[in-house]
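A.B. asks: Let me begin by handing over the structure; questions about it come next.
The values are calculated or read from the model by the stated rules, or taken from the named source; none is laboratory data. Not measured: the values here are computed from a predicted model. All Cβ positions, glycine included, derive from the backbone under ideal geometry; neighbour counts span all protein chains shown. Surface areas here come from the heavy atoms of the whole protein model, side chains and all, with no ligands, DNA or RNA. Shrake-Rupley method; radii C 1.70, N 1.55, O 1.52, S 1.80 Å.
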Amino acid sequence: MKAKLAELVSRSIREIYPQVTFPDVQISIPQSRYGDFATNIALRLAPQLEGELPKITQELAATIMQNDEGRMLIDCQATRTGFINFKLSDKFLQHQITLIREKDRHFGRSDQGKGKKVLIEFVSANPTGPLHIGHGRWAVIGDDIAALLSATGFAVEREYYVNDIGTQVEKLEESVRARAESREVPEGGYGGAYISEVAEKLLDRIGRSNFREILLSHMLNDHKRVLEKLKVNFDNYYRESSLHGSGKVKAALEEIKAKGLTFEEDGALWFKSQELGDDKNRVLVRKGGETTYFAADIAYHLDKFRRGFDRLINVWGTDHHGYVPRLRAALKALGLPVEHFEIIIGQLVALFRGAEPVRMSKRTGEMITLEEVIEEIGPDATRFFLTMVSANSHLEFDLELAKQAAPSNPVYYVQYAHARISSIFREGVERGVGIERSADLSLLIHPAERELVRKLIDLPDEILSAAQAREPHRMVIYAKELAAIFHNFYHKCRVLSEDEKLTAARLQLVDATRIVLRNVLELLSVTAPERM
RNA sequence: GGGCCCGUAGCUCAGUUGGAUAGAGCAACAGAUUUCUAAUCUGUCGGUCGGAGGUUCGAAUCCUCUCGGGCCCGCCA
């Protein structure tokens with residue numbers, strides 16, 4: 001919709017001011033008292049044109065109106081402040097109901113991505129302990145971004161990088177073995193209660209030569225199992241060890257060496273990351289000859305690009321933000337397109353029960369796991385709450401609120417709108433009233449009806465901008481707003497009534513609403529219930 | 001000490017990449033159902049956008065400084 005209007009505006013500008021070069025036309029959604037859409041283009045054009053702003057604005061508005069051959073607009077107002085406000089015609093809006101119902105599941109989707117390949121890596125938690133609510137947040141954000149990109153025409157793969165080698169894994173194994181033999185866990189090992197549980201479960205296999213692999217599979221499967229409860233599924237689990245086995249780490253290091261970007265000091269091999277924007281140089285090969293995690297990660301990201309992805313997106317927790325410059329430095333060193341490598345940093349989650357903070361310290365072992373949260377409040381509320389807030393804001397997650405079947409709980413509020421619609425159709429069936437093939441949509445002239453259709457048609461723009469910004473929380477906001485507008489409509493406009501024609505028209509509107517609500521919830525992997 | 005994120009209504013947060021008189025939800029208060037689900041709706045109350053400078057026709061948004069909170073600063077991953 002925005003693109004259509006922008007095109008109309010651009011065409012009109014070229015017509016009146018052929019000599020002017022102008023920036024992309026921005027179409028915004030103003031407060032409803034101004035109109036359905038607006039543009040500030042006259043404000044931005046005025047300095048170049050030397051004319052008076054009101055005159056330019058008015059000229060442009062008049063031309064736009066003339067050029068609107070599709071009769072989208074009923075009004076196009078120039079304001080004194082330099083805006084041009086658009087009002088869509090009722091006829092145009094009413095027709096959108098039909099289009100939405102025709103597109104059904106496809107409504108909102110687009111092909112902007114043109115099938116470009118995107119790899120999104122997220123969670124990638126160490127297999128050394130249970131997932132916590134923070135992991136849940138990165139998981140949901142990553143999964144939602146992937147869904148948004150799919151919906152906008154990208155070929156997306158979800159990947160989980162498994163840190164299956166190195167010091168942490170060794171410590172894990174030592175800790176489990178110690179517990180299995182009723183010894184104290186070694187210094188710097190893992191001491192949580194889950195270690196004992198794992199030890200107990202794997203006790204009969206602890207003597208096997210491949211015990212470490214058994215242990216790793218166990219931990220990884222546990223993560224998979226929990227993530228599946230959240231409806232997060234990965235296309236690939238990429239093992240760090242495979243990079244070593246295939247010689248990819250060595251090869252990557254050779255490439256960096258060949259560029260003269262390494263040096264030796266204290267028996268270690270260093271990467272001159274400082275020359276490429278990092279605040280210090282980093283070790284690639286340790287004194288003892290072992291490569292670092294960083295070295296493997298370089299090889300991993302090189303491999304991602306070599307696998308043919310146009311764009312890489314990583315979702316990391318804020319505790320890894322300091323790692324960003326060195327990895328970017330490494331990609332630069334290898335001549336990879338850093339501008340196609342994005343890292344989304346997700347801030348932490350603070351859990352509450354009402355006003356009481358829930359402690360989640362690893363040390364005390366009293367950590368609430370992600371699985372416990374899902375069990376307590378359910379996958380829908382978990383996903384919804386974890387998506388609700390922008391990734392770079394801290395999230396205060398109130399378990400009490402998320403659990404409540406009350407209007408103050410936004411998940412229920414949105415789902416209830418969908419259930420209500422389903423209920424209307426159920427009641428319609430009882431009364432022998434169903435959706436007709438055609439209806440006179442011009443009967444939909446109530447302000448609440450207009451407002452509802454007006455909101456429905458935003459879905460494609462909302463998905464597109466949320467995808468481009470990698471900000472799934474916008475979809476939650478949209479869902480809440482749409483639900484609010486629907487509930488308002490529901491109170492003001494009775495759907496099933498004596499008036500058969502109006503009933504037929506409203507059923508179509510309500511059906512379109514159902515489609516949009518369901519599509520949004522589906523995008524967020526939250527269920528759209530028919531009854532509550 | 002340095003880096004990243006945050007600071008907007010009593011609380012939790014939006015704010016479309018610099019535009020109009022800064023918006024929601026919750027809480028509080030006052031109302032609404034002979035009706036398709038009251039898990040709902042309507043209205044009222046509520047703001048020096050942490051603070052100070054600066055850039056601009058225009059700043060919550062950009063720059064500098066400053067205060068407060070979170071996270072990080074390893075030859076761990």
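Condition check ((1) modelled with pLDDT of 95 or more; (2) at positive phi; (3) over 29 Å from the mean Cα position of the chain (by Cα)) across all residues:
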site	(1), (2), (3)
A:TYR412	no, no, no
A:GLU427	no, no, yes
A:VAL453	yes, no, no
A:ILE463	yes, no, no
A:TYR478	yes, no, no
A:LYS492	no, no, yes
A:SER497	no, no, yes
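A.B. asks: Related question: Give the stretch A:395-420 a look and list any residue that's within 26 Å of A:HIS132 (Cα to Cα), open to solvent by 30 Å² or more (accessible area, probe 1.4 Å), part of a helix (DSSP H, G or I) and not hydrophobic (A, V, I, L, M, F, W, C), or say none.
C.D. replies: Of everything in the stretch A:395-420, those that are within 26 Å of A:HIS132 (Cα to Cα), open to solvent by 30 Å² or more (accessible area, probe 1.4 Å), part of a helix (DSSP H, G or I) and not hydrophobic (A, V, I, L, M, F, W, C) turn out to be A:GLU400, A:LYS403, A:TYR412.
A.B. asks: Which of the residues belonging to the stretch A:474-532 are under 23 Å from A:ALA151 (Cα atoms) and of a type in the set (Lys, Arg)?
C.D. replies: Answer for the stretch A:474-532, where residues must be under 23 Å from A:ALA151 (Cα atoms) and of a type in the set (Lys, Arg): A:ARG474, A:LYS480, A:ARG514, A:ARG518.
A.B. asks: What residue, among those in the stretch A:313-330 that are of a type outside the set (Gly, Ala, Ser) and farther than 19 Å from A:ASN392 by Cα, is most open to solvent (accessible area, probe 1.4 Å)?
C.D. replies: A:ARG328
A.B. asks: Still on this structure, please answer the following. Take the residues in the stretch A:485-502 that are in a helix (DSSP H, G or I), within 6 Å of RNA strand B (Cβ to nearest atom) and without any contact (Cβ under 8 Å) to a residue 60 or more places away in the chain, then tell me which one is surrounded by the most Cβ atoms within 10 Å (Cβ to Cβ).
C.D. replies: A:ASN488
A.B. asks: Taking A:THR98 as meeting all but one of (1) within 14 Å of RNA strand B (Cβ to nearest atom); (2) within 31 Å of the chain's Cα centre (by Cα), write down the number of the exception.
C.D. replies: (1)
A.B. asks: Go through the stretch A:263-293 and report how many residues are free of Cβ contacts under 8 Å to residues at least 40 places away in the same chain and touching a strand residue (DSSP E or B) at 6+ places or on another chain (Cβ under 6 Å).
C.D. replies: 11
A.B. asks: Can I ask one more? In the stretch A:4-18, is there at least one residue being hydroxyl-bearing (Ser, Thr, Tyr) and within 13 Å of RNA strand B (Cβ to nearest atom)?
C.D. replies: No: zero hits.
A.B. asks: Here's something else I'd like to know. Restricting attention to the stretch A:33-69, report how many residues are in a loop (DSSP other than H, G, I, E, B) and within 9 Å of RNA strand B (Cβ to nearest atom).
C.D. replies: So the count comes out to 4.
A.B. asks: Please go through the stretch A:259-276 and give me each residue that is within 11 Å of RNA strand B (Cβ to nearest atom) and either assigned to a loop (DSSP other than H, G, I, E, B) or open to solvent by 30 Å² or more (accessible area, probe 1.4 Å) (or both), ordered by number.
C.D. replies: A:GLU264, A:GLU265, A:ASP266, A:GLY267, A:TRP270
A.B. asks: Going through A:SER150, A:SER124 one at a time, which residue ends up being touching a strand residue (DSSP E or B) at 6+ places or on another chain (Cβ under 7 Å), within 14 Å of RNA strand B (Cβ to nearest atom) and open to solvent by 10 Å² or more (accessible area, probe 1.4 Å)?
C.D. replies: Within the list A:SER150, A:SER124, the selection yields A:SER124.
A.B. asks: Turning to a different aspect of this structure: Residues A:GLU173, A:GLU187, A:GLU200: which one is away from RNA strand B (no atom under 16 Å from the Cβ) and not small (Gly, Ala, Ser)?
C.D. replies: Only one candidate qualifies: A:GLU200.
A.B. asks: Restricting to the stretch A:331-350, and then to whatever is open to solvent by less than 20 Å² (accessible area, probe 1.4 Å) and not in a helix (DSSP H, G or I), can you tell me which residue is farthest from RNA strand B (Cβ to nearest atom)?
C.D. replies: The qualifying residue farthest from RNA strand B (Cβ to nearest atom) is A:LEU334.
A.B. asks: While we're looking at this one, here's another question. Filtering the stretch A:424-433 down to residues that are outside any loop (DSSP other than H, G, I, E, B) and open to solvent by 50 Å² or more (accessible area, probe 1.4 Å), which residue is farthest from RNA strand B (Cβ to nearest atom)?
C.D. replies: Per the stated criteria, the residue is A:VAL429.
A.B. asks: From A:TYR293, A:TYR238, A:TYR300, grab the single residue that is of a type outside the set (A, V, I, L, M) and open to solvent by 60 Å² or more (accessible area, probe 1.4 Å).
C.D. replies: Answer to the check: A:TYR293.
A.B. asks: Sort through A:LEU60, A:LEU43, A:LEU88 and tell me the only one that's under 30 Å from A:GLU436 (Cα atoms) and either surrounded by 17 or more Cβ atoms within 10 Å (Cβ to Cβ) or out of contact with any Phe, Trp or Tyr (no Cβ under 7 Å at 6 or more places or on another chain) (or both).
C.D. replies: Result: A:LEU88 is the single residue among A:LEU60, A:LEU43, A:LEU88 that is under 30 Å from A:GLU436 (Cα atoms) and either surrounded by 17 or more Cβ atoms within 10 Å (Cβ to Cβ) or out of contact with any Phe, Trp or Tyr (no Cβ under 7 Å at 6 or more places or on another chain) (or both).
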